[in-house]
Ligand code: 5GP
């Protein structure tokens, strides 16, 4: 007789390259938190015509879901920065596609997929401060408090997680896994 519990667990594991990942955060749980963060952003920033700066690639799904829930006028732009190779941070942030918008005197919301060591966030934050942004807020899907080494406040956090490597909902492992609708963790 087939053991369905084991079968289901086996079926839900995902293999990406050389590694296996197990289910971690469901799409429903993500949706609920994104809705709450959108409500908080709407309450805090609705009169300020903010510019949302989406950090590619990992935050593309989070950002798309989040901005659809915002009930106030805002602008959205994209930057691409990278500090990761494989499953570990290199600690060095390389700016790939820079910011072209004028941010002077504007309220900015940085949209991140994960704040891990905080190097990416710090780099972007410094750049925006240097360009005289009026107010800089940060919204992130995931936050790893045990890995965070910086002092910049992370204002809107959907979920805190331990120092685990995760994929799905925009997050990839060497190019794979970002299209998964749930979040998975290294098994
Ligand atoms: P930080 O600069 O904060 O150390 O790293 C931020 C970036 O590293 C994130 O935007 C993301 O691209 C990548 N990153 C950090 N942790 C993870 C993880 O658990 N999974 C994946 N796929 N990327 C991560």
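Only the coordinates and a few stated rules stand behind these numbers; no lab work does. Source: prediction; values computed, not measured. We place every Cβ from the backbone using ideal geometry, glycine too, and count neighbours over all the protein chains shown.
Rule-of-thumb check for the stretch 110-187: C-alpha Rg over 2.2 N^0.38 Å?
That works out to 1.16 for the stretch 110-187.
For a quick size check, give me the Cα extents of the stretch 33-187 along its three principal axes, largest first, whole Å.
Projected onto the principal axes, the Cα atoms of the stretch 33-187 cover 44, 31, 25 Å.
How big is D, in µm² s⁻¹, for the stretch 95-139 by Stokes-Einstein at 10 °C and 1.306 mPa s if Rh is the Kirkwood radius over C-alpha pairs?
For these conditions, the coefficient is 145 µm²/s.
So for the stretch 32-85, considering every pair of alpha-carbon atoms, how many percent are separated by more than 16 Å?
The answer is 44 percent, as a whole percent.
Order by neighbour count: 25, 183, fewest other Cβ atoms within 10 Å first, most last.
Least to most surrounded, the residues fall as 25, 183.
Using only helices, what value at 222 nm comes out for the chain when you add -39,500 (n - 2.57) per DSSP H run of length 4 or more and divide by the total residues, to the nearest 500 deg cm²/dmol?
-8000 deg cm²/dmol
From the Cα trace of the stretch 142-187, what convex hull volume per residue do you get, rounded to a whole Å³?
93
Could you sort the peptides 102-111, 53-62 by per-residue average Cβ neighbour count (10 Å cutoff), highest mean leading?
53-62, 102-111
Below 8 Å, C-alpha to C-alpha, sequence gap of six or more: please give me the relative contact order for the chain in percent.
25
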